[in-house]
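Below you'll find the structure, written out as structure tokens, and then a few comments.
The values are calculated or read from the model by the stated rules, or taken from the named source; none is laboratory data. Only a predicted model underlies this, so the values are computations on that prediction, with no experimental measurement involved. So basically every Cβ, Gly included, is an ideal-geometry build from the backbone, and we count neighbours across all protein chains shown.
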Amino acid sequence: MLDAYLPLVLLFVLAAGFAVFSVAAAPLIGPRRFNRAKLDSYECGIEPSPQPVVGGGRIPVAYYLTAMLFILFDIELVFMYPYAVIADSVGVFGFVAITLYIATIAFAYAYEWRRGGLEWS
């Protein structure tokens with residue numbers, strides 16, 4: 001009965017072994033070229049300040065709009081693939097559901113476009 005789960009367990013063991021091996025081997029075989037830019041903190045394109053800002057400071061809204069774009073279109077594709085696979089078997093109900101879904105995504109896309117999230121300045 002448990003023999004059916006053996007391939008899954010072996011896959012997890014293989015994945016965990018690869019992860020541990022990668023983390024352990026990286027310092028040993030990786031390049032050791034350090035410079036000031038690599039050792040400096042990275043703050044999403046903002047010039048790092050020498051002193052930490054109390055309260056964290058303000059992050060530009062463009063970062064939130066970009067994140068919203070990524071989430072919006074990434075999740076859209078995640079839900080579109082299963083529908084594309086079973087489109088013939090779901091009939092009219094599936095067609096209406098996916099049409100409402102695409103209309104909702106189109107509304108969010110129009111909102112993002114109007115807010116200027118698609119302009120990379």
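Here are a few things to note about the model shown:
- Condition met for Val61 (modelled with pLDDT under 80 and either out of contact with any helix residue (DSSP H, G or I) (no Cβ under 8 Å at 6 or more places or on another chain) or hydrophobic (A, V, I, L, M, F, W, C) (or both)): yes
- Restricting attention to region 60-90, the residues being over 18 Å from the mean Cα position of the chain (by Cα), aliphatic (A, V, I, L, M) and in a helix (DSSP H, G or I) number 5.
- Listed by first and then second residue, the pairs linking a residue in region 79-95 that is surrounded by 12 or more Cβ atoms within 10 Å (Cβ to Cβ) to a residue that is among the small types (Gly, Ala, Ser) and modelled with pLDDT under 85, with Cβ atoms under 8 Å apart and 6 or more places separating them unless they lie on different chains, form an empty list.
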